[in-house]
Structures are given as structure tokens and as C-alpha cells.
């Protein structure tokens, strides 16, 4: 039996009711299906993987890397009894199969227009893998119909920063994110977080904001993966590494990786390195990250800095091979983020046993434990002092060995995700 696709405007009922009450109503009809006459043959269960954002544009940044890596692994080794079906939606059009994107991802012929509307069946599973916060609230009726038709709904949560720290974002983002969170609170069968720190924060938010207590909406966590490793460097990269070494002129190099945005701590880091350079400390700051939002002043400061191209190097467009080489040849990783959902660069650097200096926040303690040095404080002087001490430890070979961090690959990470979803 097949079941009709449901599309339509945001229902007034759910927009007016408290999320906890709306969730109860939405759950009452779960599994109460209404078949369409005609098709009586049920195909294999579908795992519908939302790729609404990455199918439209792949920025190549953290969340897109996670979506692409997990989707590829799911396509390679789907859970037993499931067929992986990437799907996407727009603001006004409900979900379609992202067949062209799937073919493109797998380097197959994608010239055929086969992005047809999704048809769901009891036992199917929807995984909101992509962060489509601005789209999902427009599809309440679709989600409700799917839930009533026996589809389980799972969503991936990276962090709650747009609602916890709206000052870090443009004004529209927190409003959009709140609507997305409310939609998850109503319809989710389970929310999957990329760290225990994020899961703990989400449970607090659900309880305080929506009065949804532990157990009423399962929240589970897993860890992300990386396939970066020294063995993955391959041949033909020596020229890239040598080019970097020539630019760095033999000085020790400290690497920072991540989009240039307010929460990442780049401004404090740059001021801390300014203090070191004024004291004639011979060290390079190497930044890898695209320009984000609310950082125009910082971006100008980076581009016009007297040390730009000398002891300050900002690479805003590097591929994975170049990033891998930078991990390999630099002397340590600095993560000054005031907030992270996970922090992929930590485990990527740990693959190379690179020394780590991390801001002392719960998620970094969760991931790195005693395998890193930590700093506190938001003033440049606090970080400058921590950097001086850390550089001395690096020089003396007395830094904690980051190789002791448990670094899993994307196959292991995806297996954790499937386990958290309680799929076969």
C-alpha cells in the first residue's frame, strides 16, 4: 500500500497550542494510516535522509562535511532492511527524492530528471540529517501525515547556540531556529545530538521552554568521525606541503580551523598573537576558514594586518588535501571557540598526534579529556599567557599526547548513529 504525500500551510492549531500539548495531539494518531487504493504491494522500508540544504548548495563547511560523510556511509552500508533515499523540500513544495543529488554524490549520470514526490509507507524512517531550520516549519502537515502513517521521525542536533547566544548570529537566525526547535518538539520520535554536552543542553531547553521532561522525547548522543589520517595523504602532495613550508619560513605554526564567526574566538586569538609578536615571539598563526557572518571588522583586520603573509596566514579556500597537509606540518591546534556542538578539528588534529590547546568548555573535555591543554578567560592577555606556556611545553616535548583521544572514522560514527536510532 502507498500513502499520499501531504503538503499545505502551517496549521493554525499547532501554531497556537503549547508545544507540549501539540506534541500530545500529534502523537495520538501515530500509525493510524489511510491507504490509497490501488497499490497493495509494500516495497522495502525507506530511510528518507533529508539533504534539503546540501543538495541546493554545498558550502563545504562543518555541517555539510558531516551530512556528506554520513550520507555516503549510509549509501555504502545501509541498515538491514532499509533502502537509503535522500530527499529534499523547498519552502513551498513538499519532499521529493533527491535522485539527481544522489547520483552526483556517487559520480553517476545525473542528467535524468527523476526527482519525483516522496511516497511513504508504514515502517519508513525519516532522518533530518541536514540543518534545514528555515524549511521544516513549513511542512507541519506533511510531518503530521507521515507520523500518522507509521513513519518514525528523527532529527540531528548540532547545538543550540542560535537560541542560547543570539548575539552570535544575524537577527533572523534565532527566530528561524526557535520555530525549528518547536517543530522538533512536536513531531520528533527522537533527537540525535553530536555530543553528550549538546544532548544535556537540549534536555534542559525542552524542559524549561516546552515542559517536555526526560523520557517524553528521547534525546540520544553519538560522536562524529573523521577519515583524515597520515595514511590518507597519498602521493603527489609533497609540492603542496613544500609550498606551505616556504610561506611559513621555518617558524613554529599554530593552526586554527573553522568558519570565521563570532563564537570561534578568532578576535581574542589574533589579539593574543599580537601580544606575542610584540614580544618578538617567532610563531605563525595559520587560520583555515571561510568568512562567515558579523565579522566584517575582523576580516578587514586579518587582511590588512601588518603580519599578513608573514606571521599571519589566512586561507579561506582550501580543499581537503590542503587542509590535511596543514594538519601534518603545523605544530599544534588552537580551538578558542566559546561554544561548539562537537569540534571536528580536535579529532582531525588528534589523528596526527598534534598538541591541542582548547578553551575549557564541556564538549572539549568530553572529546579530548586529559589529552589536551586548556585555557580559560576571554581577554587576550589570558590566552597570550596560555599560548606562551603551551609553546614552551611543545618545545620541551611535554605536551599531552593527543593520539590517546578516541578518534573514530565515519563508518564507526554512522554505526553509532544507527544504534542510537535503534535500527537493525
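By how many nm would the segment from residue 385 to residue 293 grow when fully extended, if each residue of separation counts as 0.36 nm and the alpha-carbon distance is taken off?
Going from the current span to full extension adds 30.2 nm.
Note the angle between two axes, namely the Cα long axis of helix 238-248 and the longest principal axis of the Cα atoms of the chain, as a number of degrees from 0 to 90, rounded to the nearest 10.
60 degrees
By count of other Cβ within 10 Å, fewest leading, how are 110, 253 ordered?
110, 253
How large is the convex hull of the Cα atoms of the range 112-258 per residue, expressed in Å³ as a whole number?
Residue-normalised Cα hull volume stands at 227 Å³.
To the nearest 10 degrees, how steeply does helix 266-278 sit against the main Cα axis of the chain, on a 0 to 90 scale?
Around 10 degrees separate the two axes.
Per-residue counts of other Cβ atoms within 10 Å, averaged by peptide: what ranking do you get for 369-381, 297-309, 179-191, highest first?
179-191, 369-381, 297-309
Could you work out how much longer the chain between residue 251 and residue 365 gets when fully extended? Use 0.36 nm per residue separation minus the Cα distance between them, nm to one decimal.
Stretched fully, the residue 251-residue 365 segment lengthens by 38.1 nm.
On a 0 to 90° scale, report how tilted helix 320-329 is relative to the longest principal axis of the chain, with both axes built from alpha carbons and the result rounded to the nearest 10.
Its long axis makes an angle of about 40 degrees.
Specify whether the C-alpha gyration tensor of the range 277-365 places it in the rounded, prolate or oblate class, a ≥ b ≥ c being the square roots of the eigenvalues: rounded for a/c under 1.5, otherwise prolate if a/b is larger than b/c and oblate if not.
rounded
Return the whole-Å distance between the Cα centroid of the range 366-424 and the Cα centroid of the range 172-194.
Result: 28 Å between the Cα centres.
Using only helices, what value at 222 nm comes out for the chain when you add -39,500 (n - 2.57) per DSSP H run of length 4 or more and divide by the total residues, to the nearest 500 deg cm²/dmol?
After summing the helix terms and dividing by residue count, I get -11500 deg cm²/dmol.
Do you know the relative contact order of the chain, to the nearest whole percent, from alpha carbon pairs under 8 angstrom that are 6+ apart?
In percent, rounded to a whole number, it is 16.
Out of all Cα-Cα pairs in the range 106-194, roughly what percent, to the nearest whole number, are more than 17 Å apart?
Tail of the P(r) past 17 Å holds 57 percent of the pairs.
So, by mean Cβ neighbours within 10 angstrom, what's the order for 340-353, 255-268, 312-325 with the highest one leading?
Listed from highest to lowest mean packing, they are 340-353, 255-268, 312-325.
If I stretch the segment between residue 282 and residue 28 completely, what's the gain in nm (0.36 nm per residue apart, minus their alpha carbon distance), one decimal?
Fully extending the segment from residue 282 to residue 28 adds 84.9 nm.
Order of 122-134, 384-396 by packing, highest average Cβ count within 10 Å first?
Result, highest mean first: 122-134, 384-396.
From the C-alpha gyration tensor of the range 230-404, pull out the three semi-axes of the equivalent ellipsoid (sqrt of 5λ each), sorted largest to smallest, in whole Å.
Semi-axes from the Cα gyration tensor: 21, 20, 17 Å.
Express in whole angstrom the spacing between the alpha-carbon centres of the range 262-291 and the range 127-143.
Each part's Cα centre sits 38 Å from the other's.
Let's test this: bin the Cα-Cα distances of the chain at 20 Å from zero up to the farthest pair and state each bin's percent.
24, 53, 21, 2
Just so you know, all these numbers are worked out from the coordinates, no wet-lab data involved. This is a predicted model, so every value here is computed, not measured. Here Cβ is always computed from backbone atoms with ideal geometry, including for glycine, and neighbour counts include all displayed protein chains.
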